[in-house]
Amino acid sequence: MSAFRFEDLKIWQVSLELADEMLDIADEVSNLKLYRFAEQLRGASMSISNNIAEGSGSFSNKDFANYLAIARKSTFECANIVFLLNRRKLIKDSTKERLFKELAALSSQITNFRKTLI
């Protein structure tokens, strides 16, 4: 048995895997002195798992659903940053496409889980 409810949630586990990769990209971009890109990507990628975790501590399903909506929005923010990084030739097309698929899948999973709460 896990200490926290979010630890057992597949969407939280997937969001951590994605965050790890986004944080690696942010580190690479930061090395190029593109600090704003790096900080925005760090914040958006951490927001997904943070909001899932924070929402899981809610006293109501409605409140938890609101946190999941924010987490879902953060997947879109990450996708936009990935798009910009690709447009600026800072990440490869193949990386962008793979991350878009993973972010879209996570967004869908969050949406489906949220539907079970409301």
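The values are calculated or read from the model by the stated rules, or taken from the named source; none is laboratory data. Because the structure is a prediction, the values reported are computed rather than measured. Cβ sites come from the backbone with ideal geometry, for glycine too, and all protein chains shown count toward neighbours.
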### Message
Going through Ala71, Ala26 one at a time, which residue ends up being within 16 Å of Ser107 (Cβ to Cβ), assigned to a helix (DSSP H, G or I) and either among the polar types (S, T, N, Q) or within 18 Å of the chain's Cα centre (by Cα) (or both)?
### Response
Ala71
### Given (1) farther than 14 Å from Ile110 by Cβ; (2) among the polar types (S, T, N, Q); (3) touching a residue at least 40 places away in the same chain (Cβ under 8 Å), number of the condition Ser56 does not satisfy
(1)
### Message
Here's a check for you: in segment 74-118, which residue that is over 15 Å from the mean Cα position of the chain (by Cα) and among the aliphatic types (A, V, I, L, M) is farthest from Leu9 (Cα to Cα)?
### Response
Leu90
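Yes/no matrix, rows are residues, columns are (1) loosely packed, with under 15 Cβ neighbours inside 10 Å; (2) modelled with pLDDT of 95 or more; (3) part of a loop (DSSP other than H, G, I, E, B):
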{"residue": "Glu54", "(1), (2), (3)": "no, yes, no"}
{"residue": "Ser58", "(1), (2), (3)": "no, yes, yes"}
{"residue": "Ile81", "(1), (2), (3)": "no, yes, no"}
{"residue": "Lys96", "(1), (2), (3)": "no, yes, no"}
{"residue": "Glu102", "(1), (2), (3)": "no, yes, no"}
{"residue": "Ser108", "(1), (2), (3)": "yes, yes, no"}
